[in-house]
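The values are calculated or read from the model by the stated rules, or taken from the named source; none is laboratory data. These numbers were taken from a predicted model, which means no experiment stands behind them. Every residue, glycine among them, receives a Cβ derived from its backbone with ideal geometry; neighbour counts consider all protein chains shown.
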Amino acid sequence: MKYIFPEKFWWGSATSGPQSEGTVKGDGKSKNIWDYWFEIAPERFFDGVGPQNTSTFYQNYKKDIQLLKQTGHNSFRTSIQWSRLIPEGIGEVNDKAVVFYNNVIDELIKNNIEIVINLYHFDMPLCMQQKGGWENKKVVEAYAEYAKKCFELFGDRVKYWTTFNEPIVPVEGGYLYDFHYPNVIDGKRGAQVAYHTALASAKAIQCYKEMGQNGQIGIILNLTPSYPRSEQNAEDVKAAHIADLCFNKSFLEPAIKGEYPQDLIEFLKQNNALPQYEQEDIEIIKNNTVDFLGVNYYRPRRIKAKESDVIYKDIFMPDNYFDEYDMPGRKENPYRGWEIYEKGIYDICTILRTEYNNIPFFISENGMGVENEQKYINEEGYIEDDYRIEFIKDHLKWLHKGIEEGANCKGYHLWTFIDCWSWTNAYKNRYGLVALDLETQKRTIKKSGKWFKELSENNGFEY
Ligand code: NOJ
(Lines give C-alpha, C1' and ligand atoms only; values in the text may rest on other atoms or scores of the structure.)
Protein backbone atom coordinates (compact mmCIF):
# COMPACT_ATOMS: atom_id res chain seq x y z
CA MET A 1 0.00 0.00 0.00
CA LYS A 2 1.14 3.55 -0.78
CA TYR A 3 1.07 6.28 1.84
CA ILE A 4 1.16 9.69 0.20
CA PHE A 5 1.06 12.84 2.29
CA PRO A 6 -0.53 16.24 1.60
CA GLU A 7 1.18 18.68 -0.72
CA LYS A 8 3.96 20.82 0.76
CA PHE A 9 4.23 18.45 3.69
CA TRP A 10 7.22 19.25 5.91
CA TRP A 11 9.84 16.50 6.02
CA GLY A 12 12.65 17.28 8.35
CA SER A 13 14.00 17.06 11.82
CA ALA A 14 14.51 18.97 15.02
CA THR A 15 17.42 19.77 17.24
CA SER A 16 18.09 22.37 19.88
CA GLY A 17 20.84 24.91 20.53
CA PRO A 18 22.03 23.37 23.81
CA GLN A 19 22.18 19.90 22.28
CA SER A 20 23.97 20.74 19.06
CA GLU A 21 25.95 23.98 19.15
CA GLY A 22 28.59 23.23 21.76
CA THR A 23 30.72 25.83 23.45
CA VAL A 24 33.69 27.52 21.85
CA LYS A 25 36.14 29.65 23.79
CA GLY A 26 35.43 33.32 23.29
CA ASP A 27 31.95 32.83 21.80
CA GLY A 28 30.45 35.06 24.46
CA LYS A 29 27.89 32.55 25.68
CA SER A 30 27.20 32.53 29.39
CA LYS A 31 26.39 29.43 31.42
CA ASN A 32 22.97 27.93 31.45
CA ILE A 33 21.69 25.52 34.09
CA TRP A 34 23.12 22.52 32.18
CA ASP A 35 26.64 23.94 32.09
CA TYR A 36 26.38 24.64 35.79
CA TRP A 37 24.82 21.33 36.83
CA PHE A 38 27.48 19.45 34.90
CA GLU A 39 30.15 21.46 36.73
CA ILE A 40 28.82 20.58 40.16
CA ALA A 41 27.56 17.03 39.48
CA PRO A 42 29.29 15.46 36.44
CA GLU A 43 28.46 12.01 37.78
CA ARG A 44 24.81 12.60 36.93
CA PHE A 45 25.68 12.55 33.20
CA PHE A 46 26.18 9.34 31.23
CA ASP A 47 29.91 8.61 30.85
CA GLY A 48 30.60 12.00 32.39
CA VAL A 49 29.95 13.81 29.09
CA GLY A 50 28.71 17.36 29.51
CA PRO A 51 26.99 19.99 27.37
CA GLN A 52 30.13 21.57 25.99
CA ASN A 53 30.74 18.42 23.93
CA THR A 54 27.71 18.59 21.70
CA SER A 55 27.83 18.00 17.99
CA THR A 56 29.78 21.21 17.16
CA PHE A 57 27.05 22.82 15.05
CA TYR A 58 28.54 26.20 16.01
CA GLN A 59 31.59 25.49 13.88
CA ASN A 60 30.07 23.00 11.43
CA TYR A 61 26.69 24.47 10.60
CA LYS A 62 27.49 24.75 6.89
CA LYS A 63 28.51 21.12 6.63
CA ASP A 64 25.46 20.10 8.66
CA ILE A 65 23.09 22.06 6.47
CA GLN A 66 24.50 20.16 3.49
CA LEU A 67 23.73 16.97 5.38
CA LEU A 68 20.19 18.20 5.87
CA LYS A 69 19.93 18.51 2.11
CA GLN A 70 21.42 15.08 1.56
CA THR A 71 18.89 13.54 3.90
CA GLY A 72 15.92 15.18 2.16
CA HIS A 73 15.04 17.98 4.58
CA ASN A 74 12.66 20.64 3.31
CA SER A 75 12.30 22.04 6.84
CA PHE A 76 14.28 22.09 10.07
CA ARG A 77 13.90 23.24 13.66
CA THR A 78 16.55 24.43 16.03
CA SER A 79 16.53 26.81 18.97
CA ILE A 80 18.22 30.03 19.93
CA GLN A 81 20.05 29.83 23.24
CA TRP A 82 19.01 32.66 25.50
CA SER A 83 22.35 32.36 27.33
CA ARG A 84 24.18 32.83 24.03
CA LEU A 85 22.13 35.74 22.70
CA ILE A 86 21.79 37.72 25.93
CA PRO A 87 24.47 36.42 28.27
CA GLU A 88 23.23 38.39 31.28
CA GLY A 89 19.63 37.29 30.72
CA ILE A 90 18.54 40.88 30.18
CA GLY A 91 20.17 43.79 28.41
CA GLU A 92 23.15 43.57 26.17
CA VAL A 93 23.09 41.37 23.10
CA ASN A 94 26.10 39.21 22.20
CA ASP A 95 27.12 40.28 18.68
CA LYS A 96 28.85 36.98 17.98
CA ALA A 97 25.61 35.16 18.67
CA VAL A 98 23.77 37.44 16.25
CA VAL A 99 26.33 36.72 13.55
CA PHE A 100 26.08 32.98 14.20
CA TYR A 101 22.28 32.78 14.15
CA ASN A 102 22.13 35.06 11.09
CA ASN A 103 24.57 32.77 9.30
CA VAL A 104 22.54 29.68 10.16
CA ILE A 105 19.28 31.26 9.05
CA ASP A 106 20.74 32.60 5.80
CA GLU A 107 22.38 29.29 4.99
CA LEU A 108 19.09 27.44 5.52
CA ILE A 109 17.26 29.89 3.29
CA LYS A 110 19.94 29.56 0.62
CA ASN A 111 19.33 25.82 0.69
CA ASN A 112 15.55 26.15 0.49
CA ILE A 113 14.92 24.71 3.92
CA GLU A 114 11.97 26.11 5.88
CA ILE A 115 13.11 27.26 9.31
CA VAL A 116 11.30 26.79 12.58
CA ILE A 117 12.96 28.59 15.47
CA ASN A 118 12.23 27.69 19.04
CA LEU A 119 13.03 30.13 21.82
CA TYR A 120 13.54 27.92 24.85
CA HIS A 121 14.64 24.31 25.05
CA PHE A 122 15.16 23.51 28.76
CA ASP A 123 18.04 26.01 28.81
CA MET A 124 17.52 28.58 31.55
CA PRO A 125 20.48 30.97 31.75
CA LEU A 126 22.20 30.36 35.07
CA CYS A 127 21.91 34.02 36.06
CA MET A 128 18.13 33.79 35.63
CA GLN A 129 17.93 30.55 37.63
CA GLN A 130 19.85 32.28 40.38
CA LYS A 131 16.99 34.76 40.50
CA GLY A 132 14.53 31.90 41.03
CA GLY A 133 14.02 30.74 37.43
CA TRP A 134 10.38 30.32 36.44
CA GLU A 135 9.26 30.75 40.03
CA ASN A 136 10.10 34.44 39.70
CA LYS A 137 7.78 36.61 37.64
CA LYS A 138 10.70 38.91 36.78
CA VAL A 139 12.19 36.02 34.81
CA VAL A 140 8.93 35.83 32.85
CA GLU A 141 9.37 39.51 31.95
CA ALA A 142 13.01 38.94 31.01
CA TYR A 143 12.03 36.03 28.75
CA ALA A 144 9.44 38.21 26.98
CA GLU A 145 12.15 40.82 26.34
CA TYR A 146 14.47 38.13 25.01
CA ALA A 147 11.70 36.84 22.72
CA LYS A 148 11.10 40.35 21.42
CA LYS A 149 14.79 40.75 20.67
CA CYS A 150 14.75 37.50 18.68
CA PHE A 151 11.77 38.66 16.61
CA GLU A 152 13.47 42.01 15.95
CA LEU A 153 16.74 40.43 14.91
CA PHE A 154 15.56 37.43 12.92
CA GLY A 155 11.82 37.82 12.29
CA ASP A 156 12.32 39.29 8.83
CA ARG A 157 13.43 35.80 7.66
CA VAL A 158 12.06 33.35 10.23
CA LYS A 159 8.33 32.85 9.69
CA TYR A 160 7.64 30.00 12.10
CA TRP A 161 8.42 30.55 15.76
CA THR A 162 7.75 28.46 18.82
CA THR A 163 7.90 29.81 22.34
CA PHE A 164 8.84 26.62 24.22
CA ASN A 165 9.77 23.03 23.63
CA GLU A 166 8.10 20.52 25.97
CA PRO A 167 7.48 23.03 28.78
CA ILE A 168 6.14 20.29 31.07
CA VAL A 169 9.52 18.55 31.05
CA PRO A 170 11.42 21.16 33.11
CA VAL A 171 8.52 20.93 35.58
CA GLU A 172 8.81 17.15 35.74
CA GLY A 173 12.61 17.16 35.68
CA GLY A 174 13.36 20.19 37.82
CA TYR A 175 10.46 20.22 40.30
CA LEU A 176 9.04 16.70 40.55
CA TYR A 177 11.34 13.86 39.57
CA ASP A 178 14.91 15.11 39.87
CA PHE A 179 16.27 14.81 36.34
CA HIS A 180 16.88 18.50 35.62
CA TYR A 181 18.50 21.22 37.71
CA PRO A 182 17.43 22.67 40.21
CA ASN A 183 16.43 19.16 41.40
CA VAL A 184 13.55 20.32 43.57
CA ILE A 185 10.84 17.81 44.53
CA ASP A 186 7.74 19.82 45.27
CA GLY A 187 4.57 19.86 43.16
CA LYS A 188 3.36 23.20 44.45
CA ARG A 189 6.51 24.90 43.24
CA GLY A 190 6.20 22.87 40.03
CA ALA A 191 2.69 24.23 39.48
CA GLN A 192 4.01 27.79 39.87
CA VAL A 193 6.76 27.07 37.35
CA ALA A 194 4.26 25.60 34.88
CA TYR A 195 1.91 28.54 35.20
CA HIS A 196 4.68 31.11 34.76
CA THR A 197 5.95 29.23 31.71
CA ALA A 198 2.48 29.33 30.13
CA LEU A 199 2.33 33.03 30.92
CA ALA A 200 5.78 33.61 29.42
CA SER A 201 4.62 31.86 26.26
CA ALA A 202 1.51 34.04 26.03
CA LYS A 203 3.59 37.19 26.59
CA ALA A 204 5.95 36.24 23.77
CA ILE A 205 2.93 35.62 21.52
CA GLN A 206 1.47 38.99 22.48
CA CYS A 207 4.71 40.66 21.61
CA TYR A 208 4.95 38.82 18.29
CA LYS A 209 1.43 39.84 17.30
CA GLU A 210 2.03 43.46 18.24
CA MET A 211 5.06 43.53 15.97
CA GLY A 212 2.95 42.42 12.97
CA GLN A 213 5.68 40.31 11.42
CA ASN A 214 3.56 38.30 9.06
CA GLY A 215 4.51 34.85 10.35
CA GLN A 216 3.12 32.30 12.75
CA ILE A 217 3.86 31.48 16.33
CA GLY A 218 3.16 28.30 18.24
CA ILE A 219 4.37 26.04 21.01
CA ILE A 220 5.81 22.54 21.05
CA LEU A 221 4.22 20.10 23.47
CA ASN A 222 5.12 16.52 24.20
CA LEU A 223 1.74 14.89 24.23
CA THR A 224 1.58 11.59 26.06
CA PRO A 225 -1.98 10.30 25.72
CA SER A 226 -3.10 8.83 29.06
CA TYR A 227 -4.61 5.38 28.77
CA PRO A 228 -6.25 3.81 31.82
CA ARG A 229 -5.32 0.21 32.63
CA SER A 230 -8.98 -0.61 32.20
CA GLU A 231 -11.71 1.54 30.66
CA GLN A 232 -14.19 -0.43 32.80
CA ASN A 233 -12.54 0.44 36.08
CA ALA A 234 -13.76 3.88 37.20
CA GLU A 235 -10.77 4.36 39.51
CA ASP A 236 -8.32 3.70 36.68
CA VAL A 237 -10.19 6.10 34.42
CA LYS A 238 -10.15 8.79 37.09
CA ALA A 239 -6.43 8.29 37.71
CA ALA A 240 -5.68 8.52 33.98
CA HIS A 241 -7.71 11.71 33.80
CA ILE A 242 -5.64 13.31 36.57
CA ALA A 243 -2.41 12.36 34.80
CA ASP A 244 -3.82 13.82 31.58
CA LEU A 245 -4.72 17.07 33.33
CA CYS A 246 -1.29 17.40 34.90
CA PHE A 247 0.90 16.39 31.98
CA ASN A 248 -1.05 17.24 28.82
CA LYS A 249 -3.90 19.64 29.46
CA SER A 250 -1.85 21.84 31.78
CA PHE A 251 -0.23 23.35 28.68
CA LEU A 252 -2.53 22.27 25.87
CA GLU A 253 -5.57 24.11 27.18
CA PRO A 254 -4.01 27.49 27.99
CA ALA A 255 -1.97 27.38 24.76
CA ILE A 256 -4.93 26.61 22.47
CA LYS A 257 -8.01 27.70 24.40
CA GLY A 258 -6.50 30.43 26.55
CA GLU A 259 -7.91 28.87 29.73
CA TYR A 260 -7.11 26.24 32.28
CA PRO A 261 -9.53 23.32 32.67
CA GLN A 262 -11.77 23.82 35.68
CA ASP A 263 -11.01 20.35 37.02
CA LEU A 264 -7.26 21.08 36.99
CA ILE A 265 -7.89 24.25 38.96
CA GLU A 266 -10.03 22.31 41.46
CA PHE A 267 -7.43 19.57 41.74
CA LEU A 268 -4.66 22.07 42.51
CA LYS A 269 -6.88 23.93 44.97
CA GLN A 270 -7.71 20.75 46.87
CA ASN A 271 -4.00 20.15 47.17
CA ASN A 272 -3.22 23.69 48.19
CA ALA A 273 -1.03 23.97 45.10
CA LEU A 274 -2.79 26.65 43.06
CA PRO A 275 -0.11 29.01 41.72
CA GLN A 276 -0.10 32.68 42.60
CA TYR A 277 -1.53 34.69 39.75
CA GLU A 278 -2.74 38.12 38.81
CA GLN A 279 -6.00 38.75 37.00
CA GLU A 280 -4.36 40.81 34.23
CA ASP A 281 -2.08 37.86 33.42
CA ILE A 282 -5.05 35.54 33.09
CA GLU A 283 -6.28 37.98 30.43
CA ILE A 284 -2.92 37.83 28.64
CA ILE A 285 -3.15 34.03 28.50
CA LYS A 286 -6.74 34.27 27.29
CA ASN A 287 -5.96 36.69 24.48
CA ASN A 288 -2.74 35.20 23.19
CA THR A 289 -3.23 31.65 22.05
CA VAL A 290 -1.06 29.84 19.53
CA ASP A 291 -1.42 29.81 15.74
CA PHE A 292 -0.19 26.24 15.49
CA LEU A 293 1.07 23.39 17.59
CA GLY A 294 4.18 21.23 17.41
CA VAL A 295 3.57 17.76 18.78
CA ASN A 296 6.42 15.65 20.11
CA TYR A 297 5.27 12.07 20.35
CA TYR A 298 7.37 9.28 21.75
CA ARG A 299 5.20 7.19 24.01
CA PRO A 300 1.86 6.78 25.73
CA ARG A 301 1.29 7.07 29.47
CA ARG A 302 -0.47 4.03 30.90
CA ILE A 303 -2.06 4.67 34.23
CA LYS A 304 -3.76 2.68 36.97
CA ALA A 305 -5.44 3.72 40.20
CA LYS A 306 -3.04 4.26 43.08
CA GLU A 307 -1.82 0.95 44.45
CA SER A 308 1.69 1.54 45.66
CA ASP A 309 2.12 2.76 49.23
CA VAL A 310 4.56 5.49 48.22
CA ILE A 311 2.55 8.49 49.32
CA TYR A 312 4.04 11.95 49.76
CA LYS A 313 2.76 13.53 52.97
CA ASP A 314 4.46 16.89 53.39
CA ILE A 315 4.53 18.05 49.80
CA PHE A 316 2.07 17.95 46.94
CA MET A 317 2.93 15.34 44.30
CA PRO A 318 0.47 14.44 41.53
CA ASP A 319 1.68 10.86 41.88
CA ASN A 320 -0.36 10.49 45.06
CA TYR A 321 -3.32 10.05 42.73
CA PHE A 322 -2.12 7.48 40.20
CA ASP A 323 0.51 4.87 39.44
CA GLU A 324 2.21 4.26 36.13
CA TYR A 325 1.07 0.96 34.68
CA ASP A 326 3.52 -1.41 32.95
CA MET A 327 1.22 -3.06 30.49
CA PRO A 328 2.13 -6.74 30.12
CA GLY A 329 3.44 -7.60 26.66
CA ARG A 330 4.00 -4.01 25.71
CA LYS A 331 6.32 -3.24 22.82
CA GLU A 332 9.30 -1.40 24.19
CA ASN A 333 12.43 0.47 23.22
CA PRO A 334 14.74 -1.22 25.74
CA TYR A 335 17.39 1.50 25.59
CA ARG A 336 15.01 4.15 26.81
CA GLY A 337 12.59 1.89 28.69
CA TRP A 338 9.70 3.55 26.87
CA GLU A 339 6.72 1.79 25.37
CA ILE A 340 6.39 2.04 21.60
CA TYR A 341 2.75 2.56 20.71
CA GLU A 342 2.37 3.78 17.16
CA LYS A 343 -1.38 4.25 17.33
CA GLY A 344 -0.83 7.00 19.92
CA ILE A 345 0.05 9.39 17.09
CA TYR A 346 -3.35 8.70 15.50
CA ASP A 347 -5.13 9.19 18.82
CA ILE A 348 -3.46 12.59 19.12
CA CYS A 349 -4.70 13.48 15.60
CA THR A 350 -8.21 12.57 16.70
CA ILE A 351 -8.03 14.50 19.98
CA LEU A 352 -6.75 17.65 18.24
CA ARG A 353 -9.37 17.35 15.51
CA THR A 354 -12.33 16.75 17.79
CA GLU A 355 -11.46 18.62 21.00
CA TYR A 356 -9.14 21.40 19.84
CA ASN A 357 -10.89 22.81 16.84
CA ASN A 358 -8.64 20.93 14.45
CA ILE A 359 -5.74 23.30 15.09
CA PRO A 360 -2.95 23.14 12.48
CA PHE A 361 -0.05 21.11 13.83
CA PHE A 362 3.00 19.18 12.78
CA ILE A 363 4.77 16.28 14.38
CA SER A 364 7.73 18.19 15.71
CA GLU A 365 9.54 15.17 17.20
CA ASN A 366 9.27 11.42 17.02
CA GLY A 367 12.19 9.05 17.00
CA MET A 368 14.12 6.23 18.46
CA GLY A 369 17.23 6.36 20.63
CA VAL A 370 19.43 3.27 20.34
CA GLU A 371 22.56 2.33 22.26
CA ASN A 372 25.71 0.89 20.62
CA GLU A 373 24.60 1.44 17.07
CA GLN A 374 28.18 0.85 15.96
CA LYS A 375 27.42 -2.84 15.87
CA TYR A 376 25.17 -2.27 12.85
CA ILE A 377 27.93 -0.78 10.67
CA ASN A 378 28.07 -2.56 7.31
CA GLU A 379 30.97 -3.24 4.96
CA GLU A 380 30.54 0.10 3.29
CA GLY A 381 31.07 1.78 6.63
CA TYR A 382 27.63 3.11 7.48
CA ILE A 383 25.05 2.07 10.07
CA GLU A 384 22.17 -0.05 8.82
CA ASP A 385 19.45 1.10 11.17
CA ASP A 386 16.49 -0.75 9.69
CA TYR A 387 14.78 -0.65 13.10
CA ARG A 388 14.65 3.16 12.82
CA ILE A 389 13.16 3.02 9.33
CA GLU A 390 10.51 0.57 10.59
CA PHE A 391 9.82 2.77 13.60
CA ILE A 392 9.24 5.81 11.39
CA LYS A 393 7.07 3.92 8.88
CA ASP A 394 4.94 2.39 11.62
CA HIS A 395 4.23 5.83 13.04
CA LEU A 396 3.68 7.42 9.63
CA LYS A 397 1.07 4.81 8.77
CA TRP A 398 -1.02 5.92 11.73
CA LEU A 399 -0.34 9.58 11.06
CA HIS A 400 -1.53 9.07 7.50
CA LYS A 401 -4.78 7.55 8.75
CA GLY A 402 -5.27 10.51 11.08
CA ILE A 403 -4.76 12.93 8.18
CA GLU A 404 -7.14 10.99 5.96
CA GLU A 405 -9.77 11.40 8.63
CA GLY A 406 -9.24 15.15 8.54
CA ALA A 407 -6.47 15.98 11.03
CA ASN A 408 -4.75 19.24 10.15
CA CYS A 409 -1.20 17.91 10.16
CA LYS A 410 1.37 19.83 8.13
CA GLY A 411 4.51 17.82 8.56
CA TYR A 412 6.72 15.28 10.25
CA HIS A 413 10.02 16.06 11.94
CA LEU A 414 12.23 13.37 13.32
CA TRP A 415 14.34 13.70 16.42
CA THR A 416 17.03 14.21 15.14
CA PHE A 417 19.25 14.69 12.09
CA ILE A 418 22.61 13.95 13.73
CA ASP A 419 23.40 12.05 16.92
CA CYS A 420 23.29 14.64 19.65
CA TRP A 421 23.85 15.22 23.34
CA SER A 422 20.76 14.19 25.25
CA TRP A 423 20.84 15.82 28.69
CA THR A 424 21.74 13.39 31.48
CA ASN A 425 21.79 10.53 28.96
CA ALA A 426 24.49 12.46 27.07
CA TYR A 427 25.45 10.28 24.07
CA LYS A 428 24.10 7.00 25.46
CA ASN A 429 21.29 6.64 22.93
CA ARG A 430 21.77 7.75 19.34
CA TYR A 431 18.80 9.21 17.46
CA GLY A 432 20.31 10.60 14.27
CA LEU A 433 19.85 10.04 10.56
CA VAL A 434 23.55 10.83 10.56
CA ALA A 435 26.09 9.17 12.86
CA LEU A 436 28.54 11.30 14.77
CA ASP A 437 31.96 10.02 15.76
CA LEU A 438 32.56 11.73 19.08
CA GLU A 439 36.34 11.55 18.81
CA THR A 440 36.78 12.87 15.29
CA GLN A 441 33.43 14.63 14.83
CA LYS A 442 33.16 12.76 11.52
CA ARG A 443 29.63 12.61 10.16
CA THR A 444 28.31 9.57 8.27
CA ILE A 445 24.80 9.22 6.87
CA LYS A 446 23.02 6.11 8.16
CA LYS A 447 20.72 3.92 6.10
CA SER A 448 17.77 5.78 7.63
CA GLY A 449 19.21 9.06 6.32
CA LYS A 450 19.29 7.72 2.77
CA TRP A 451 15.78 6.34 3.20
CA PHE A 452 14.51 9.63 4.64
CA LYS A 453 15.60 11.39 1.47
CA GLU A 454 13.50 9.03 -0.65
CA LEU A 455 10.60 9.48 1.72
CA SER A 456 10.77 13.24 1.30
CA GLU A 457 11.27 13.12 -2.48
CA ASN A 458 8.31 10.76 -2.88
CA ASN A 459 6.26 12.62 -0.30
CA GLY A 460 5.44 9.21 1.16
CA PHE A 461 6.37 5.56 1.01
CA GLU A 462 5.15 2.14 0.08
CA TYR A 463 4.65 -0.54 2.70
C1 NOJ B 1 12.55 15.54 23.60
C2 NOJ B 1 13.38 16.76 23.69
O3 NOJ B 1 12.80 17.86 23.08
C4 NOJ B 1 14.80 16.57 23.26
O5 NOJ B 1 15.53 17.60 23.81
C6 NOJ B 1 15.28 15.21 23.65
O7 NOJ B 1 16.64 15.04 23.49
C8 NOJ B 1 14.48 14.18 22.91
N9 NOJ B 1 13.10 14.31 23.31
C10 NOJ B 1 14.92 12.75 23.08
O11 NOJ B 1 14.69 12.29 24.38
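Looking only at segment 173-190, decide whether some residue is surrounded by fewer than 24 Cβ atoms within 10 Å (Cβ to Cβ), within 16 Å of the ligand (Cβ to nearest atom) and in a helix (DSSP H, G or I).
Scanning segment 173-190, I find at least one residue that is surrounded by fewer than 24 Cβ atoms within 10 Å (Cβ to Cβ), within 16 Å of the ligand (Cβ to nearest atom) and in a helix (DSSP H, G or I), so the answer is yes.
State whether one or more residues within segment 127-150 are within 16 Å of the ligand (Cβ to nearest atom) and in contact with a Ser or Thr (Cβ under 6 Å, 6 or more places away or on another chain). Outline the logic, then answer.
Quick first cut of segment 127-150, residues within 16 Å of the ligand (Cβ to nearest atom) only: none.
No, that holds for no residue.
Just need a number here: residues in segment 195-227 that are farther than 27 Å from Ile340 by Cα and either surrounded by fewer than 22 Cβ atoms within 10 Å (Cβ to Cβ) or in contact with a helix residue (DSSP H, G or I) (Cβ under 7 Å, 6 or more places away or on another chain) (or both).
Of segment 195-227, the ones farther than 27 Å from Ile340 by Cα are 195-217.
Subsequent filtering for residues that are either surrounded by fewer than 22 Cβ atoms within 10 Å (Cβ to Cβ) or in contact with a helix residue (DSSP H, G or I) (Cβ under 7 Å, 6 or more places away or on another chain) (or both) retains 196-204, 206-217.
Matching residues across segment 195-227 total 21.
Could you say whether any residue in segment 329-345 is hydroxyl-bearing (Ser, Thr, Tyr) and within 15 Å of the ligand (Cβ to nearest atom)?
So the first thing to find is which residues in segment 329-345 are hydroxyl-bearing (Ser, Thr, Tyr), and the list is 335, 341.
Retained after the next criterion (residues that are within 15 Å of the ligand (Cβ to nearest atom)): 335.
Within segment 329-345, one or more residues are hydroxyl-bearing (Ser, Thr, Tyr) and within 15 Å of the ligand (Cβ to nearest atom).
Out of Ser79, Ser20, Ser55, which single residue is within 16 Å of the ligand (Cβ to nearest atom) and out of contact with any Gly (no Cβ under 8 Å at 6 or more places or on another chain)? Talk me through it step by step, then tell me what you get.
Details: Ser79 fails: out of contact with any Gly (no Cβ under 8 Å at 6 or more places or on another chain); Ser55 fails: out of contact with any Gly (no Cβ under 8 Å at 6 or more places or on another chain).
After applying the criteria, what remains is Ser20.
Is segment 73-90 home to any residue that is in contact with a helix residue (DSSP H, G or I) (Cβ under 8 Å, 6 or more places away or on another chain), farther than 21 Å from Glu152 by Cα and aliphatic (A, V, I, L, M)?
No - not one qualifying residue is present in segment 73-90.
Please name all residue pairs, on different chains or six or more residues apart, with Cβ atoms under 9 Å, provided the first residue is in segment 282-302 and is polar (S, T, N, Q) and the second residue is part of a loop (DSSP other than H, G, I, E, B) and within 16 Å of the ligand (Cβ to nearest atom).
So the pair list comes out as Asn296/Glu166; Asn296/Leu223; Asn296/Asn366.
Which pairs do you get when a residue that is within 16 Å of the ligand (Cβ to nearest atom), found in segment 153-171, comes within reach of a residue that is acidic (Asp, Glu), reach meaning Cβ atoms under 9 angstrom, with the pair 6+ apart or on two chains?
What qualifies is Asn165/Glu365; Glu166/Glu365.
If you check Leu274, Leu293, which single one turns out to be within 16 Å of the ligand (Cβ to nearest atom) and not β-branched (Val, Ile, Thr)?
Working: Leu274 fails: within 16 Å of the ligand (Cβ to nearest atom).
The match here is Leu293.
Right, Asp47: more than 21 Å from the chain's Cα centre (by Cα) and at positive phi or not?
Numbers: more than 21 Å from the chain's Cα centre (by Cα): yes; at positive phi: yes.
Considered against the rule, which asks whether it is more than 21 Å from the chain's Cα centre (by Cα) and at positive phi, Asp47 comes out as yes.
Across segment 82-98, what is the total count of residues that are among the hydrophobic types (A, V, I, L, M, F, W, C), crowded, with 19+ Cβ neighbours inside 10 Å and in a helix (DSSP H, G or I)?
Matching residues across segment 82-98 total 3.
Pairs needed: first member in segment 13-32, closer than 19 Å to Asn425 by Cα and of a type outside the set (D, E, K, R); second member anywhere, part of a strand (DSSP E or B) and away from the ligand (no atom under 15 Å from the Cβ); C-beta distance under 7 Å; at least 6 residues apart or different chains.
If the second residue must be part of a strand (DSSP E or B) and away from the ligand (no atom under 15 Å from the Cβ), the pairs left are Asn32/Pro125.
Scan segment 99-128 for residues that are part of a helix (DSSP H, G or I) and within 25 Å of Gly294 (Cβ to Cβ) and jot them down. Give the derivation first.
So the first thing to find is which residues in segment 99-128 are part of a helix (DSSP H, G or I), and the list is 99-110, 126-128.
Across segment 99-128, the qualifying residues are Phe100, Tyr101, Asn102, Asn103, Val104, Ile105, Asp106, Glu107, Leu108, Ile109, Lys110, Met128.
Without any contact (Cβ under 8 Å) to a residue 12 or more places away in the chain, of a type in the set (A, V, I, L, M, F, W, C), within 22 Å of Asp281 (Cα to Cα) and away from the ligand (no atom under 16 Å from the Cβ): does that describe Ile265?
Numbers: without any contact (Cβ under 8 Å) to a residue 12 or more places away in the chain: yes; of a type in the set (A, V, I, L, M, F, W, C): yes; within 22 Å of Asp281 (Cα to Cα): yes; away from the ligand (no atom under 16 Å from the Cβ): yes.
The answer is yes for Ile265.
List the pairs whose first member sits in segment 332-343 and is free of Cβ contacts under 8 Å to residues at least 24 places away in the same chain, whose second member is in a loop (DSSP other than H, G, I, E, B) and surrounded by fewer than 18 Cβ atoms within 10 Å (Cβ to Cβ), and whose Cβ atoms are under 7 Å apart, counting only residues at least 6 apart or on separate chains?
Glu332/Ile340
Which ones in segment 129-163 are assigned to a helix (DSSP H, G or I), of a type in the set (Ser, Thr, Tyr) and under 19 Å from the mean Cα position of the chain (by Cα)?
Here is the first cut: in segment 129-163, the residues assigned to a helix (DSSP H, G or I) are 129, 133-135, 137-154.
Applying the additional criterion that residues be of a type in the set (Ser, Thr, Tyr) yields 143, 146.
Selection gives Tyr143 alone.
If the Cβ limit is 7 Å and pairs must be 6+ apart or interchain, which residue in segment 408-434 that is under 27 Å from Asp178 (Cα atoms) and within 11 Å of the ligand (Cβ to nearest atom) pairs with which residue that is assigned to a strand (DSSP E or B) and acidic (Asp, Glu)?
Trp415/Glu365
Scan segment 308-328 and give yes if some residue there is at pLDDT 95 or above, assigned to a loop (DSSP other than H, G, I, E, B) and within 21 Å of Tyr3 (Cβ to Cβ), otherwise no.
no
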